Every structure is written in structure tokens, then in C-alpha cells.
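The numbers here are math on the coordinates, done by the rules we state, and not lab data. Computed from a prediction, not measured in an experiment: that's the story for all the values here. For neighbour counting, all protein chains shown are included, and Cβ atoms are generated from backbone atoms with ideal geometry for every residue, glycine included.
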Ligand code: PAF
């Protein structure tokens, strides 16, 4: 696996490499990332991954500084998963001057996670469009665990007419249901034992909707109450339309139930499609 940090070297290395499939990450790779890398090989000739912890998508009180950085272990996992090229720019490589031009997503950036992480999706859209310009892939994969992020990137790619196929990868879970996430490493042993409650509650909501319950607000509030009783601090539990993350108009439209809640200092997000 070639490891490159400069944009010109990356562009030179990717000439004549056939159909390029790209998986951007912030590193600290787990089985969810590796599953995306493995799926990527089925979609093209050359799998390119990136590792870059993007300051622009972190709020001033978020975990940019303590975000886990495990570069050597990540390289070993990527090479074993068949990745041909790793783009690992420094901040100077990717932002050689202060970034003053941004990709500004529409109103979707202000709901759900966007309401609690102002500027987050603007930072994600900006870095992803910049990474797309560097790698120029034919396809790119993103995990469905970051459901709203996947939607922002899909919509950006369509509206900007970027010739890139966006592919969503299924969420990978631990045996007890907890969605794999780099942030799970922040959990204490007791918090880790408690964490699967979030996924259980999402399943209960999905089952209730499938059984015909129409009062989704009641379901959301009941889940929030259960989380609060178990010591969580919840940002949202929300049943939304898959198409645009708006409140459901009709319950026969495809729905998704999403949640973000904090266990101690760790903010966990998860979702399941109904
Ligand atoms: O999902 C992530 O790891 C990041 O948000 C991404 C897409 C790599 C952009 O920094």
C-alpha cells in the first residue's frame, strides 16, 4: 500500500489506475471501516482510503484534540483489507492556507445532529468535496451509521453534478448490538455495558411502528424517558422520513429512527431504517 500525504503526489499516483473507489475516514479504524474497504473492492479497480481528522467539522468544545489517532495500526488494517493507496495529508497539505471557501449545506444541516453540532455538516461537506477533488473517485463509500452525513454528501454530490456514485454501507455492530464507532473507546466498562440500550430502544420503536403505532412523538418521548432514567442525556430520538429526514407525513413512507445521546462524556449516535 502506497501512503501519500501531498496532493500532487496523490494525483500522479492515481493516473491510469482504472475505476477508483474511495473511502474517506478520520482513522482509528474498526470493523465498520474495514467492511467499507472490503465492499469498495467490489465497486472498482483501485481502492483509495484517506485518514484525516478534520478540524472544520468539530465544534469548539468537541473532541478534536483527544480524537483517537492510531496511524500505524490503521495502516496495517488498510493494507490487509486490500487498500492500494492511503491518502493521509497533514493539515498543511489539505489546508495550506486558512479555508475561507466552504460548502454550505441547506436546511438539513440544522436539524437532528446539526441542531446540536452547529457547523458540523458544513465542515464535513467542505472536506469531503475537497477530498473528492484530490482523489477524483468514480465511487465513494460512507457508513449508514452517520445517516444524516450520508444524506448531506449524497445531496451535495447530486446538486453539484459530481460524477461520483455514493454508496452507503450497512452499520456494523458488536454482538450486543452497539454500533461500532471510534468514540466507543471513550466508554468506561460500566458505560460500555449500558450502551446497547440505545439500539434496543430504536428496535422497540421500529417494532411499535411496524405493529401500527401512529403516535411517533409518544414513542420518541417514551424512549427519551427510559434513557434519562438509565442516566443518559439525550439530544434527540426521532422518527423521520428516509427521503429527507422530515417529520413523517404518512407512516407508509419509508422511515428511519435516529438517536443521539450521551453516556457520561461520550456522545453516541445510531439509527435503524424501518
Ligand atoms: O465519517 C467520517 O469519518 C468523517 O466525517 C469524514 C466523512 C471522513 C469527513 O471528515
Exercise. Normalised by the number of residues in the chain, what is the relative contact order in percent for Cα pairs under 8 Å and 6+ residues apart?
Worked result: 17
Exercise. If you count the DSSP beta bridges with both ends in the chain, what percent of them are antiparallel, to the nearest 5?
Worked result: 45
Seminar exercise, completed: Expressed in Å to one decimal, the Kirkwood Rh of region 203-274 from all distinct alpha-carbon pairs is 12.5
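If you wrap a convex hull around the Cα atoms of region 1-125, how much volume per residue is inside, in Å³? Could the numbers behind the result be given before it?
Values: hull volume 16.6 nm³, N = 125.
So the per-residue Cα hull volume is 132 Å³.
Counting pairwise Cα distances across the chain, what percent come out greater than 27 angstrom?
Working: 14896 of 37401 pairs.
Here the tail beyond 27 Å accounts for 40 percent of pairs.
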Exercise. Which length gain, in nm to one decimal place, applies between residue 262 and residue 200 when the Cα-Cα distance is subtracted from 0.36 nm times their residue separation?
Worked result: 20.8 nm
Exercise. Where Rh is the Kirkwood radius over the Cα pairs of region 115-274, the temperature 10 °C and the viscosity 1.306 mPa s, what D in µm²/s does Stokes-Einstein return?
Worked result: 94
Problem set entry | Centroid-to-centroid separation of region 228-274 and region 1-33 [C-alpha atoms, Å] | 32
For this session: Measure off 7 Å from each Cα along the Cα-to-Cβ vector at residue 5 and residue 79, then give the distance between these two points in nanometres to one decimal.
Result: 1.8
Problem set entry | Sum of -39500 (n - 2.57) over DSSP H runs of 4+, divided by residues of the chain (222 nm, nearest 500) | -10500 deg cm²/dmol
Problem set entry | Sequence ranges 6-17, 175-186, ranked by mean other-Cβ count within 10 angstrom, highest first | 175-186, 6-17
For this session: Report, to the nearest 10°, how far helix 216-229 tilts away from the longest principal axis of the Cα atoms in the chain, using its own Cα long axis and a range of 0 to 90°.
Result: 90
